[in-house]
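Okay, so here's the structure we're looking at.
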Amino acid sequence: MNLLLRPYQPSDAAVITSWLKSEYLMRQWCADRYEHFPVTPEDMNRHYARYIDGQRSHALTMVDGNDIAGYITLRVPADNPMEQRLGFVLVDDSKRGCGLGKALVSMAVKYAFETLGATKVSLGVFENNPSAIHCYESVGFMRVIAPTTESYSCLGEIWNCIEMELCKGAMNVS
């Protein structure tokens, strides 16, 4: 594999949204950020135009040669420019289990530290997403106790988030 991280392009949306095969998976990806399933390329590009400014928020696409392999966002939370927050982490569903998630998260963390000057990267992941939790832990993210638990109403249930963070110098490179 020849994986690279590049800025998201609106033409990426058709491939990325095709990976969201169920509303359950879509909600694990975006919680309540999109109103309906399925998410269309137009929905994704409207969201991008509204929320990604290239300064305080970045959308990145991982490519393997000419093939789109993953998508992730970074944003500055709560006016702390030394922190970047990962979100919307998604890889090609036909290639799950091949290390793409770890590669995507690792490259995004490296980008946050080296390009954006962050000293900490944080994220929230749903408790009901053990494969994502394992992926983040394999990169070096640690669970942290948040003052309050972030929760979302998804598919008639309450889904709780686990807060995780990784400080510069603590990333697993294996």
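Label-to-label distance, residue 110 versus residue 25, with points set 7 angstrom from Cα along the beta-carbon direction: 2.7 nm.
In the chain, the calculated helix contribution to ellipticity at 222 nm averages -8500 deg cm²/dmol per residue, counting -39,500 (n - 2.57) for every DSSP H run with n ≥ 4. For residue 4 and residue 80, what is the calculated FRET efficiency with R₀ set at 35 Å and r taken between the beta-carbons, to the nearest 0.05? Working from the Cβ atoms, E equals 0.80.
Here the spin labels are modelled as points 7 Å beyond Cα on the Cα-Cβ line, and at residue 14 and residue 35 they lie 2.5 nm apart.
If you take the beta carbon distance between residue 150 and residue 63 as r and set R0 to 35 Å, what does 1/(1 + (r/R0)^6) give as a FRET efficiency, to the nearest 0.05? So the FRET efficiency works out to roughly 0.65. In sequence order, the range 144-156 has phi-based couplings of 10, 8, 8, x, 9, 8, 6, 9, 9, 8, 10, 6, x Hz under the Karplus curve 6.51 cos²θ - 1.76 cosθ + 1.60, θ = phi - 60°, and Gly or Pro positions carry x. Partners of residue 168 within straight-line reach, counting lysines whose Cα lies under 18 Å from its Cα and excluding those fewer than 8 residues away in the same chain: 102, 110, 120. Assuming a ≥ b ≥ c are the square roots of the Cα gyration tensor eigenvalues, decide whether the range 45-144 counts as rounded (a/c under 1.5), prolate (otherwise, with a/b larger than b/c) or oblate. Note, shape of the range 45-144 comes out oblate.
Under the rule a/c < 1.5 gives rounded, and otherwise a/b versus b/c splits prolate from oblate, where does the range 100-171 land using the Cα gyration tensor? Taking the square roots of the gyration eigenvalues as a ≥ b ≥ c, the range 100-171 is prolate.
Computed about the Cα centre, the dipole magnitude for the chain is approximately 360 debye when only Lys and Arg (+1) and Asp and Glu (-1) carry charge, each at its Cβ. Charges on Cβ only, +1 for Lys and Arg, -1 for Asp and Glu, centred on the Cα centroid of the range 19-116; of 26, 63, 105, which one is farthest towards the dipole's positive end? The Cα lying farthest towards the positive end belongs to 105.
Computed over the chain with a Gaussian network model linking Cα atoms closer than 10 Å, the most mobile of 86, 100, 155 is 155.
What separates the Cα centres of the range 137-155 and the range 61-105 is a distance of 17 Å. Here residue 43 and residue 127 are evaluated by their C-beta separation; at R0 = 30 Å the FRET efficiency comes out at 0.70.
Exposed loop sites were defined as GluC sites (Glu not before Pro) in DSSP loop states (anything but H, G, I, E or B) carrying at most 16 other C-beta atoms within 10 Å; in the chain the longest segment without such a site runs 36-126.
Values in this text are rule-based calculations from the coordinates and carry no lab data. Quick caveat, the model's predicted, so the values are computed rather than measured. Please note: Cβ atoms are built from the backbone with ideal geometry, for glycine as well, and neighbour counts cover all protein chains shown.
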